[in-house]
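J.: Quick one: the structure is below, questions incoming.
The values are calculated or read from the model by the stated rules, or taken from the named source; none is laboratory data. Keep in mind it's a predicted model, so treat the numbers as computed, not measured. Don't worry about glycine lacking a Cβ; one is built from the backbone with ideal geometry, like all the others, and counts go over all protein chains shown. Side chains are part of the model used for accessible areas, which takes the heavy atoms of the whole protein and leaves out ligands, DNA and RNA. Shrake-Rupley method; radii C 1.70, N 1.55, O 1.52, S 1.80 Å.
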Amino acid sequence: MFKLRIVWEYIRTLVLKNRFNSREALLKWQEKKIKRHLQWVLPRSAYYRKRFETLGIGRWRELPVSEKRDMMAEFSDFNTAQITRDEALSTALEAEQSRDFSPELRGVTVGLSSGTSGHRGLFLVSARDRAIHAGSMLASVLPGPIWNRNRVAFFLRANSNLYSSSASSRLQFQFFDLMIPVKDHAKRLSDLNPTIVFAPPSVLIELAKLQQAGAVMIHPKRIYSVAEVLDPLDQANLERVFKQTIHQVYQCTEGFLGITCQEGTLHLNETSVAFQMEWIDEASGKFHPILTDFRRRTQPMIRYLMNDILTLRRDPCPCGSPELAIEMIEGRADDVLEFPALSSESMVSVLPDFVRRCFLYVDSGVEEYRVYQPRPGHLEIYLQCKSAGRSVTEQEIQAEIVKLAHKFQFKIPTIEFQSEFVLPKMTKLRRVEKARP
Ligand SMILES: [Zn+2]
């Protein structure tokens, strides 16, 4: 039953990919699916039933947004599987301790996410939800038809039963635990010689170095960057070493939200999720996504506000997909930096993207960097660059930040350069980060 569902989802995804010849047609189809989904959800989720009390299903777009903290506070009413917060939490914590990574509660997998902003999240996924995810994922990531032989290398925190569920004889999956240093995986990875690699950018960077040093020999047809924000500088480096486009999967505990097309453009996964925008700055196309997932049933996401920052791509993608194209995904809203304003007492907020661009514009060889803001108006910059030109590079970066200060009208920050750069092993790689309160 489970495998059948995966195959069905695989076919559905491929069919839908070519079904809509206009954005209007896609949105019209979405609207119908969302209404049908709500008819299923409302009798089963007290949380949404209450929220829709004075609002007809047809006006779902006006529903006030929900956030992770709402989902956690009203966990038991929120989900449609009658699972209480206490039983989910104790199941998840027990599993964490015994390193059982797919604990189930009455057939529903319970997951715990640390969350980048420190809010702990509890996630529920049924077998049906999982099959939908696996099937649509396979249809999206496999470079050719499903019967082609593929060897897939996944770098994951743990062997998640999401992916092992889709293994078959032609499709081979191997898992590489992120808890183990990348170099210790070198031999097994080279032996597998994967056709597809899924890994966070920090691991891909490590792999690129090993590949250049001859310690790893792989020739993947596709490389997917997952789980962390892919920095443009890293992307360029990785593409140079592996001589191919670095693809991206936009996926998180909230669902499978987007993937790059053959052109390398990230498209939102609008055949499963409807996206609306909470604009941060409409002129530059930056927004927080409000998602309505019309496939996922156990923990329904209806007008769910995420704190990721997406930048809309203005010009149409040459691939012709009617799904929204995204220029880039930025770190969570927590990493917006703050600087004292030039001519008032207030603070100026600067998106991480602008800070990252300072490094993009520096000619001389920046190899690695990390910007940390311990307090407003102060920056610590860890920099690794070609040793010869270090002082020049520092000056160039300083100059870029001064330009940024002029542009945004904030006081020029004090900058402390540091040469020791340690790639975070366990935490997510963030290039631009602010001290947590
Ligand atoms: Zn495209």
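J.: For segment 253-280, enumerate the residues that are β-branched (V, I, T) and part of a strand (DSSP E or B).
T.: I259, T260, V273, I280
J.: Give segment 1-31 a look and list any residue that's of a type in the set (S, T, N, Q) and touching a residue at least 24 places away in the same chain (Cβ under 8 Å), or say none.
T.: Answer for segment 1-31, where residues must be of a type in the set (S, T, N, Q) and touching a residue at least 24 places away in the same chain (Cβ under 8 Å): T13, N21, S22, Q30.
J.: Just to verify a result, which residue in segment 245-266, among those that are in contact with a Gly (Cβ under 6 Å, 6 or more places away or on another chain) and within 12 Å of the ligand (Cβ to nearest atom), is nearest to L351 (Cα to Cα)?
T.: Across segment 245-266, the extreme among qualifying residues is L266.
J.: Residues that are open to solvent by 20 Å² or more (accessible area, probe 1.4 Å), within 23 Å of R357 (Cβ to Cβ), away from the ligand (no atom under 14 Å from the Cβ) and without any contact (Cβ under 8 Å) to a residue 40 or more places away in the chain: does segment 228-235 have at least one?
T.: Yes.
J.: Let me ask something else about it. Between D315, D293, which is assigned by TED's automatic domain parsing to the domain that holds L27, crowded, with 21+ Cβ neighbours inside 10 Å and not small (G, A, S)?
T.: Answer to the selection: D293.
J.: I'd like the residue in segment 401-420 that is more than 27 Å from A388 (Cα to Cα) and in a helix (DSSP H, G or I) and, out of all such residues, is most open to solvent (accessible area, probe 1.4 Å).
T.: K407
J.: Which strands (runs of 3 or more DSSP E) does segment 281-371 wholly contain that include 3 or more residues that are over 17 Å from the mean Cα position of the chain (by Cα)?
T.: Hits in segment 281-371: 337-340, 347-350.
J.: Also, I was wondering about something else. Could you please give the count of residues in segment 301-336 that are within 30 Å of K411 (Cα to Cα), touching a helix residue (DSSP H, G or I) at 6+ places or on another chain (Cβ under 6 Å) and of a type outside the set (D, E)?
T.: Counting residues in segment 301-336 that are within 30 Å of K411 (Cα to Cα), touching a helix residue (DSSP H, G or I) at 6+ places or on another chain (Cβ under 6 Å) and of a type outside the set (D, E) gives 2.
J.: Look at segment 171-194 and say how many of its residues are modelled with pLDDT under 80 and in a loop (DSSP other than H, G, I, E, B).
T.: 4
J.: Every residue in segment 81-113 that is open to solvent by 30 Å² or more (accessible area, probe 1.4 Å), under 26 Å from Y48 (Cβ atoms) and modelled with pLDDT under 85, please. Show your work before the answer.
T.: Within segment 81-113, the subset open to solvent by 30 Å² or more (accessible area, probe 1.4 Å) is 82, 84-87, 89-90, 93-94, 96-102, 104, 106-107, 112.
Adding the requirement that they be under 26 Å from Y48 (Cβ atoms) leaves 82, 84-87, 89-90, 104, 106-107, 112.
Of everything in segment 81-113, just one residue is open to solvent by 30 Å² or more (accessible area, probe 1.4 Å), under 26 Å from Y48 (Cβ atoms) and modelled with pLDDT under 85, namely L112.
To keep it simple, each residue is scored yes or no on (1) more than 16 Å from the ligand (Cβ to nearest atom); (2) open to solvent by less than 60 Å² (accessible area, probe 1.4 Å); (3) touching a Leu at 6+ places or on another chain (Cβ under 9 Å).
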position: D177; (1), (2), (3): yes, yes, yes
position: R188; (1), (2), (3): yes, no, no
position: P194; (1), (2), (3): yes, yes, no
position: G214; (1), (2), (3): yes, yes, no
position: R222; (1), (2), (3): no, yes, yes
position: K243; (1), (2), (3): yes, no, no
position: N269; (1), (2), (3): no, yes, yes
position: K286; (1), (2), (3): yes, yes, yes
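Residues are listed down the side, and each one gets a yes or a no for (1) small (G, A, S); (2) assigned by TED's automatic domain parsing to the domain that holds Q395; (3) more than 16 Å from the ligand (Cβ to nearest atom); (4) open to solvent by 10 Å² or more (accessible area, probe 1.4 Å):
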{"position": "Q276", "(1), (2), (3), (4)": "no, no, yes, yes"}
{"position": "W279", "(1), (2), (3), (4)": "no, no, yes, yes"}
{"position": "E282", "(1), (2), (3), (4)": "no, no, yes, yes"}
{"position": "M301", "(1), (2), (3), (4)": "no, no, yes, no"}
{"position": "A325", "(1), (2), (3), (4)": "yes, no, no, yes"}
{"position": "S346", "(1), (2), (3), (4)": "yes, yes, yes, yes"}
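J.: Return yes when L291 is under 20 Å from R23 (Cα atoms) and within 16 Å of the ligand (Cβ to nearest atom) and no when it is not. Steps first, answer last, please.
T.: Details: under 20 Å from R23 (Cα atoms): yes; within 16 Å of the ligand (Cβ to nearest atom): no.
When the stated conditions are applied, L291 does not pass them.
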